[in-house]
1. Restricting to the stretch A:269-299, give me the number of residues that are over 21 Å from the mean Cα position of the chain (by Cα) and surrounded by 16 or more Cβ atoms within 10 Å (Cβ to Cβ).
2. Run down B:Glu337, B:Glu265 and say which single residue is out of contact with any Gly (no Cβ under 9 Å at 6 or more places or on another chain), crowded, with 19+ Cβ neighbours inside 10 Å, assigned to a helix (DSSP H, G or I) and at pLDDT 95 or above.
3. Please verify whether B:Asp7 is surrounded by fewer than 19 Cβ atoms within 10 Å (Cβ to Cβ) and within 9 Å of another protein chain (Cβ to nearest Cβ), treating the condition exactly as stated.
4. Tally time: how many residues in the stretch B:63-91 are over 16 Å from A:Val418 (Cα atoms) and either in contact with a Lys or Arg (Cβ under 9 Å, 6 or more places away or on another chain) or within 14 Å of chain A (Cβ to nearest Cβ) (or both)?
5. If you check B:Glu256 against the conditions, is it under 18 Å from the mean Cα position of the chain (by Cα) and either closer than 21 Å to B:Gln384 by Cα or without any contact (Cβ under 8 Å) to a residue 40 or more places away in the chain (or both)?
6. In the stretch A:341-375, how many are hydrophobic (A, V, I, L, M, F, W, C) and closer than 18 Å to A:Gln327 by Cα?
7. Any idea which of (1) buried (at least 20 other Cβ atoms within 10 Å of the Cβ); (2) modelled with pLDDT of 95 or more; (3) polar (S, T, N, Q) is the one B:Thr303 doesn't satisfy?
2 protein chains.
Amino acid sequence: MRTVIRDLLAASGPAASIEAAGWVRTRRDSKAFSFLELNDGSCLGNLQVIVDQGTPGSEDLTKMTTGASVVVVGKLVASQGGGQSWEVHATSLRLLGTAPEDFPLQKKGHSPEFLRSIAHLRPRTNLYGAMFRIRSRMSYAVHRFFQERAFHYIHTPIITASDCEGAGEMFRVTTHDPADPKPAKAEEDFFGKATHLTVSGQLEGEAFATALGSIYTFGPTFRAENSNTSRHAAEFWMIEPEMAFCDLQGDMDLAEEMVKYLVKEALEGQDGDLAIFERFVDKGLRARLEHVASEAFERVSYTEAVDILQKSGVKFEYPVEYGHNLQSEHERWLTEEHFKKPTTVYNYPKEIKPFYMRLNDDDKTVTAMDLLVPGIGEIVGGSQREERLDVLLANMERHGLSTEEYSWYVDTRRFGTVPHAGFGMGFERMLMFVTGMTNIRDVIPFARTPGHCEF
Amino acid sequence: MRTVIRDLLAASGPAASIEAAGWVRTRRDSKAFSFLELNDGSCLGNLQVIVDQGTPGSEDLTKMTTGASVVVVGKLVASQGGGQSWEVHATSLRLLGTAPEDFPLQKKGHSPEFLRSIAHLRPRTNLYGAMFRIRSRMSYAVHRFFQERAFHYIHTPIITASDCEGAGEMFRVTTHDPADPKPAKAEEDFFGKATHLTVSGQLEGEAFATALGSIYTFGPTFRAENSNTSRHAAEFWMIEPEMAFCDLQGDMDLAEEMVKYLVKEALEGQDGDLAIFERFVDKGLRARLEHVASEAFERVSYTEAVDILQKSGVKFEYPVEYGHNLQSEHERWLTEEHFKKPTTVYNYPKEIKPFYMRLNDDDKTVTAMDLLVPGIGEIVGGSQREERLDVLLANMERHGLSTEEYSWYVDTRRFGTVPHAGFGMGFERMLMFVTGMTNIRDVIPFARTPGHCEF
């Protein structure tokens, strides 16, 4: 019966016979015995295996090169060397699969670009193994955060006939044969209409929040933007809570609580996985995360933020002007240089925000909020939603939206409308924040970007 | 500060002042006071609110019709009537939103077909509210099951250039403008090649299992099959674990353990939500689930299953013949009539199974397994994977697959190959099984089927 290496390394005492399996990271040979460092993906740490000459299976030792797979049976004993508590003295071992010389992960120190080209193999490296274990644990923490607070998880649709953001770059979903010379008529397509990949589950989430109270989504979303930057992917995962009987204050409270919760998860739970990012990616990582976990966040209105930016004396690439969206450089200056802590900016001019945001009494601003974090900028964007039927309809007209097409959405205001609020958090942005990785392609198992859909 | 009704109904004692909010399910008026039944979606149960004449806000009582939204402040006291432990004597109440007479959920007893046409409102009914709370809890249980067993959650890609099942109906993903009369060239499309929506994350999951050990996926998958049945949707959620160093036995063990785990979750955890399905959908539901949770499952080889079916004397619509897939009627007879318990059928003829399944020593069968449950048929399908490079390449050639296109997949066998196994579980099938619902459209928030992509 195999025991995973994570459990062997955390053993409470020696064991007369254990079985382990994994991939060889390194092998060192001396005259009388060999050392194998075995990793099985369960954790960052390797199991050190000592193989005496003549041990059954040791005749294959020369084939047990980096990347080869091996099963070992042996005694778990206290380690003599440093670095690990336990090691295994093999009583037998067996080669499962060789790794020929063209195995690309022979040496350490490959570039991120090269490793992206072998995304199917890069989780076999220390850094990317840790990356994707962290991604898994953080995903689970997202669910735990909401489930502990009695939020219901809703699977909003991926294929959609609506467009939450009002126009925008969407992928089309079709069964029309591209080789067919006849034009693709939407009414003859699979769904009988034009359909696309969702850019947000918010509208459907609102329908469920106005029935089940507090809900969240956590699923893939899509942008067909032809922008090749380190922070954009065509496919990414988004978390979108939506709460009935909640206003902007409650919305900001939840966003801040969630960011802190996830940062604490990253700090506490990773069996050493986080340490490798601190060591090789961002020396200040742990200090930065501990700061975020313990400090109160700042809150500032958009109007105040513009004022602070204009009086800063800093020469920004893009000018700061009331009525324009804050650029990434402005957001990062606010949180990194000015407040030096995560900062929520709220109450944006209505002209630059979508139709569904609640109009404030000043008739100029809407209850939008963006949570900015150092090093990343916006990590959460949300708002209280416009629950007043007449105001919503006026907004939709102003934004050129068809109230007929969205009649189901309008129904949530026609029947028992309630104040409600929600936000979206880009999961990859959060992962970049907690690992210090600077390219979104390196926090996604198989990234999809313009011109790239390998594997 | 609002308290959710789920917590009020589970209060440990009376409270001098609580605040609750929700939607009116019913209102009854007598001369001196009115009863409001309030539901906020946190649970199946309603909060009974007693409003004396003259209570501040009671002037709006006549507008507090079914579907209207209300905030109430009052005393939480032991209930005089039956059915609930606690009720609220209002000290004030406030109408948030009315529900005009055209609110479609006035009366009880709507048909499932009608409720599908108002999928944005149906979670405001008892049955569908319970349905989607169960869906949420079961989703969380899926994650808990795997995380407790040290499986890593992997987000495999949704947009893909490969086709796991070998041909098959897939949706195309494109940014080509359908109004453009020029033919849509794949090399000019967003990704520079033809791309589709995934039908399975298995191949990518295998790449991660052969790095991280044990992984699982849980995400949307797609079929562009033009089949309008009660059990097929174009978009559904699938769970796909994959385990390195695991064989067919271990695969069947995990599948059975998972089915039992999820059934127990349905039985234990739902605050009365399951009871409504037992009452209105399937009287034998609880007994059936308890049977599944406690009984050992049956295992039978495909060859034995064919033999049993052929000797059964039952006249099936489709004949039973070695070398053909079992039909749904055969599967259901085996598990419902013959074994009367969940049954795993394993070792199918290689001709009817995909290229990636491991060939048995008999050279005739592969290590496929299907777990069948009463009332549903197949709920899990999986296999040990072919880890031998030469056999895999021969299989791929026999299935007409390009080893060049799948070279990354072949790499997992070229470098440190290991025995591994996995399976797929249709999440909606599991939900149908634990609720007794017979149409997949009724367990998905917004179902996508041929000709239907509303909301």
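The values are calculated or read from the model by the stated rules, or taken from the named source; none is laboratory data. Quick caveat, the model's predicted, so the values are computed rather than measured. Cβ atoms come from the backbone with ideal geometry, glycine included; neighbour counts cover every protein chain shown.
1. Residues that pass the stated criteria total 3.
2. B:Glu265
3. Criteria met by B:Asp7.
4. Residues flagged as over 16 Å from A:Val418 (Cα atoms) and either in contact with a Lys or Arg (Cβ under 9 Å, 6 or more places away or on another chain) or within 14 Å of chain A (Cβ to nearest Cβ) (or both) within the stretch B:63-91 amount to 5.
5. yes
6. 7
7. Only one criterion in (1) buried (at least 20 other Cβ atoms within 10 Å of the Cβ); (2) modelled with pLDDT of 95 or more; (3) polar (S, T, N, Q) is unmet by B:Thr303, namely (1).
A quick yes/no check of all residues on (1) within 10 Å of chain B (Cβ to nearest Cβ); (2) touching a strand residue (DSSP E or B) at 6+ places or on another chain (Cβ under 6 Å); (3) under 30 Å from A:Leu289 (Cβ atoms):
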| residue | (1), (2), (3) |
| --- | --- |
| A:Gln202 | no, yes, yes |
| A:Ala209 | yes, yes, no |
| A:Asn226 | yes, no, no |
| A:Val259 | no, no, yes |
